[in-house]
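The values are calculated or read from the model by the stated rules, or taken from the named source; none is laboratory data. Values in this document were obtained by computation on a predicted structure and should not be read as measured data. All Cβ positions, even for glycine, are placed from backbone atoms using ideal geometry, and neighbour counts span all protein chains on display. Keep in mind that these areas ignore ligands, DNA and RNA; they rest on the heavy atoms of the full protein, side chains included. Shrake-Rupley method; radii C 1.70, N 1.55, O 1.52, S 1.80 Å.
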Amino acid sequence: MLTLGLESSCDETACAIVKSGKHILSNVISSQDIHTSYGGVVPELASRAHLAIFPSLLSETLQQANITLSDIQLLAVSNTPGLIGSLSVGVNFARGLASGAKKNIIGVNHVEAHIYASFMEAHQEVSFPALGIVVSGAHTALFYLSSPTSYRLIGKTRDDALGEVFDKVARFLGFSYPGGAQIESAAFYGNSEAYTFPSSNLPGYDLSFSGLKTAVLYAIKGNNSNLKTPFPILHETMKNDLAASFQKAACLTITQKIPSIIKNFSCKSVLVGGGVANNRYLRRALLQVCDDVPLYFPSPRLCTDNAAMIAGLGTQLFLEKKINTLTPRARHQWENIFS
Ligand code: KG4
Ligand code: ZN
């Protein structure tokens, strides 16, 4: 079964062809650089850029897979969560293609797909129940998975997402958006003991990163400063030390929760997804806390936003005749979009 995946929930436009839910025949991603000078994604610009690029991106994707639209059996499109204008562009483009080519179409939850990316690339059979960890620019959440398509939310951030806080601290340090990878590079040369930053440890499984972000801001500008006070020019060593100390505290916020979740939910494996899953410090820290429980990460191209994960999960849901199970809102949108 060949599935065409379409993704446009934020600032990446992506198309992919996936065979039997697992084998990627093509995976084309176009990242919008128009947002860099604004220090974050401008929703209206994002929607317009998706609209402009989808047709040529689709041609390239079909060409790379060496197929035509008529060879496709299913279209899978991310329909929630994300920027509403950007999602609408993808969903309407998919609906047009599906009705013109008389193909089935399925909506996919973008956050669920980030976990599925990890499952898709696993080289051995994944045992369930599993813990799913999503660490992206917009979401940070922990899921109990009884199968690759059955999820239950067990904890999430109460404020910023992990990627979002990496991007904000990157801005404090003078890096361009998105700055997560630049923080990782600077941290490599820094001393993670140079600053003592707080890792929040809320009761239960929820997470919080806003206190950490403020602590970094105060370390740079002085106590009781705010975002309006100008940022001082930082010496290279100080930047590296701040990045390393921040990265350590940010990753600990998550990793300290993992052993008790594995124990309390009898998890037999851990699947990680989302852009921050690219971070090698986080990968090592997770490996340490997971002990002998197998840990799965997607390859770098499948960590950040892509359409292969949408096509993969879409195929699986279609074959299982399942609708999204993550949130009532997802189910509601599913019913609305395809009615
Ligand atoms: O999953 P993703 O592509 O988009 C969302 O669904 O939000 O994740 C993008 C996020 C950005 O915040 C980016 O800074 C972060 O992932 N990121 C990283 C790294 N690579 C990407 N954060 C830390 N270390 C990295 N190496
Ligand atoms: Zn994402």
Q: Could you check region 114-226 for strands (runs of 3 or more DSSP E) lying wholly inside it with 1 or more residues that are polar (S, T, N, Q)?
A: 140-147, 150-156
Q: Kindly establish whether Ala170 is within 16 Å of ligand 2 (Cβ to nearest atom), modelled with pLDDT of 95 or more, on the phi < 0 side of the Ramachandran plot and within 21 Å of the chain's Cα centre (by Cα).
A: no
Q: Restrict the check to region 253-273 and report whether at least one residue is in contact with a Ser or Thr (Cβ under 7 Å, 6 or more places away or on another chain), open to solvent by less than 40 Å² (accessible area, probe 1.4 Å), within 13 Å of ligand 1 (Cβ to nearest atom) and at pLDDT 95 or above.
A: yes
(Q) Looking at region 123-146, can you tell me whether even one residue there is more than 12 Å from ligand 1 (Cβ to nearest atom), of a type in the set (D, E, K, R) and in contact (Cβ under 8 Å) with a residue 60 or more places away in the chain? (A) no
Q: May I ask you to verify whether Cys290 is within 12 Å of ligand 1 (Cβ to nearest atom) and modelled with pLDDT of 95 or more?
A: no
Q) Could you list, in sequence order, the residues of region 126-174 that are of a type outside the set (A, V, I, L, M, F, W, C), farther than 30 Å from Leu217 by Cα and open to solvent by 10 Å² or more (accessible area, probe 1.4 Å)? A) Ser127, Pro129, Tyr144, Ser146, Ser147, Pro148, Ser150, Tyr151, Arg152
Q | region 28-59, residues that are of a type in the set (D, E, K, R), loosely packed, with under 15 Cβ neighbours inside 10 Å and not in a loop (DSSP other than H, G, I, E, B) | A | Glu44
